[in-house]
Amino acid sequence: MKYFLMTIVLLALLTSSCSSDNGDNNTNQMDEEVESIDKTVNKKNVGDSANDLLIAENFQSLVVEIFYVEGYKPTNNTLSNFESFLSDRLHKPNGIQLELKMIASPGQDIYTISDIRAIEDEIRTFYNNGNELTVFGLFLDGAYSENTENGSVLGIAYRNTSFIIFEETVQSFSGQPLAPNITVLETTVLNHEFGHIMGMVNAGTEMQTNHQDVEHGRHCTNEDCLMYWTAETGEGLLNMINGGTIPTFDNLCLNDLQANGGK
Ligand SMILES: [Zn+2]
Ligand SMILES: [Zn+2]
């Protein structure tokens, strides 16, 4: 028995010394470059990068890498609405850039949040680099695994620099009779999810007055505000949007963002 244990200890020592030797001896420039990217800074909790997004001190530019499944690309008007929304709020003197990339369908009808995290980990190419902050977005086919009969989820912000839009679900709601057009729905969901990444409501950006709809999590109590909870389910959003107007931050939300350094 003793001998057996000793063998295991020896083996363990040998294995660990071998692997560290290999690491030291085989390091080349390519490895060093890969190692210098710290992906963990982009994998924190929603709202953790709110201040870095809003102010210019640590990051002077922003790149939003937006992947879309073939057939589920956001409209050009949605993208330009989103760009204005970002530049209206974020201090990024060296610019805000959207990088669009098409991917093939991952091939599922239903996606869980861990499926989505795994897809991101496989396809994301931009991580924070120097004074450039990066955000990942995905316009996906299929539907969210947690959808309920009256709650079809349209989007989720799920990491400090990551969001998903269930574009097939968004398109199915915009196809309903009397529904707002696709650009209005896409822009609302996209801006709302990015609002969460900006730390709203009470999730990384501190409230100046109490306006959190605690019952519905990190949302605003004002039913006309972009951060009202119904903005991210299809059924809720059709009720919320009047006359095709895209909801914006109300003054309570704007006050919070400005107090946290935003425009
Ligand atoms: Zn929300
Ligand atoms: Zn609000």
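The values are calculated or read from the model by the stated rules, or taken from the named source; none is laboratory data. Please read all numbers here as calculations on a predicted model, not as lab measurements. Every residue, glycine as well, gets a Cβ built from its backbone with ideal geometry; the counts of neighbours run over all protein chains shown.
Take residue 224 and decide whether it is buried (at least 17 other Cβ atoms within 10 Å of the Cβ) and within 16 Å of ligand 2 (Cβ to nearest atom).
Working: buried (at least 17 other Cβ atoms within 10 Å of the Cβ): no; within 16 Å of ligand 2 (Cβ to nearest atom): yes.
For residue 224, the condition - buried (at least 17 other Cβ atoms within 10 Å of the Cβ) and within 16 Å of ligand 2 (Cβ to nearest atom) - is not met.
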Original post:
Tell me, which residue of the range 182-198 that is within 16 Å of ligand 2 (Cβ to nearest atom) and under 12 Å from residue 86 (Cβ atoms) is surrounded by the fewest Cβ atoms within 10 Å (Cβ to Cβ)?
Top reply: 194
**OP:** Output the residue which, of all residues in the range 173-220 that are part of a loop (DSSP other than H, G, I, E, B), among the polar types (S, T, N, Q) and more than 26 Å from residue 71 (Cα to Cα), is nearest to ligand 1 (Cβ to nearest atom).
**Re:** 202
**OP:** Can you work out which of the residues in the range 238-263 that are closer than 17 Å to residue 182 by Cβ and at pLDDT 95 or above is farthest from ligand 2 (Cβ to nearest atom)?
**Re:** 246
Subject >> Looking only at the range 229-250, and only at residues there that are under 20 Å from the mean Cα position of the chain (by Cα) and among the hydroxyl-bearing types (Ser, Thr, Tyr), the one that is farthest from ligand 1 (Cβ to nearest atom) >> reply: 248
Subject >> Residue within the range 194-217 that is modelled with pLDDT under 95, in the same structural domain as residue 163 (by TED's automatic domain parsing) and of a type in the set (D, E, K, R) present >> reply: no
